[in-house]
Amino acid sequence: MLSDTEIIKADIGHAFEVHDLELNSFDTGKAWTLKMVLDGFNSPNFKCYILRRFDEIVGYIAYLDLGGEYEIQRLVVSKEWRRYGCATRLLQFVANLADINMATDLILDVSHLNQPALFLYTKFGFYPDGLRKQYYGREEDAVLMRKKI
Ligand SMILES: CC(C)(COP(=O)(O)OP(=O)(O)OC[C@H]1O[C@@H](n2cnc3c(N)ncnc32)[C@H](O)[C@@H]1OP(=O)(O)O)[C@@H](O)C(=O)NCCC(=O)NCCS
């Protein structure tokens, strides 16, 4: 399946497709609104790459290029295409870019309740680097994670 995919750089022209993926990928009210997607594309240092399979967006990754650190803001794979290695492929792509551009670390925060993402990031080599209590709500902490390039 992954052999049928390609990674392309996204711009604001992809905002509606990215937003559709957001809406289809979260059960609760955690999807980014269209405004949040547009704000992202309008932010300095915001970069976004989408994994496309023919006409379909299978997943996307968005990050902030902070110079020495790349902060992953979003990583989403459509429900139909999970556990095929898509997220790993997108992470590897960004890790390679970080390496080429001399960044030293990938960083992110993730809900302590998001077991799939915690497993994914741990398998990819991220380690816990702090905790923000109640960052996502009264009962939801943020785990800060870091990976050295
Ligand atoms: C988390 C997410 C991005 C994973 O995408 P994916 O393409 O399915 O991940 P991969 O196929 O690359 O998985 C790599 C490894 O991560 C771990 N993993 C991924 N999903 C998992 C799950 N549901 N349960 C347990 N482990 C999981 C496994 O170790 C997996 O390796 P394996 O399949 O060989 O066992 C996807 O589930 C998703 O989009 N979730 C909703 C959005 C989200 O929570 N994003 C992250 C925070 S922004």
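Every number in this text was worked out from the coordinates using simple rules, so none of it is lab data. Just so it is clear, the model here is predicted, and its values are computed rather than measured. Backbone-built Cβ (ideal geometry, glycine too); neighbour counts: all protein chains shown.
Pull up region 71-84, narrow it to residues that are near the ligand (Cβ under 6 Å from one of its atoms) and within 11 Å of the chain's Cα centre (by Cα), then point me to the one that is farthest from residue 40 (Cα to Cα).
It comes out as 77.
Across region 85-113, which residue is nearest to the ligand (Cβ to nearest atom) among those that are farther than 17 Å from residue 45 by Cα and in a loop (DSSP other than H, G, I, E, B)? Ranking the qualifying residues of region 85-113, first place goes to 85. Any residue in region 114-125 that is within 13 Å of the ligand (Cβ to nearest atom) and under 20 Å from residue 36 (Cβ atoms)? Yes, the conditions are met somewhere in region 114-125. Of the residues making up region 118-149, those that are surrounded by fewer than 17 Cβ atoms within 10 Å (Cβ to Cβ) and part of a helix (DSSP H, G or I) are 119, 122, 123, 124.
The C-beta contact set for region 62-75 (first residue on the phi < 0 side of the Ramachandran plot and among the aliphatic types (A, V, I, L, M), second residue part of a loop (DSSP other than H, G, I, E, B) and crowded, with 16+ Cβ neighbours inside 10 Å, distance under 9 angstrom, 6+ apart or interchain) comprises 62/10; 66/103.
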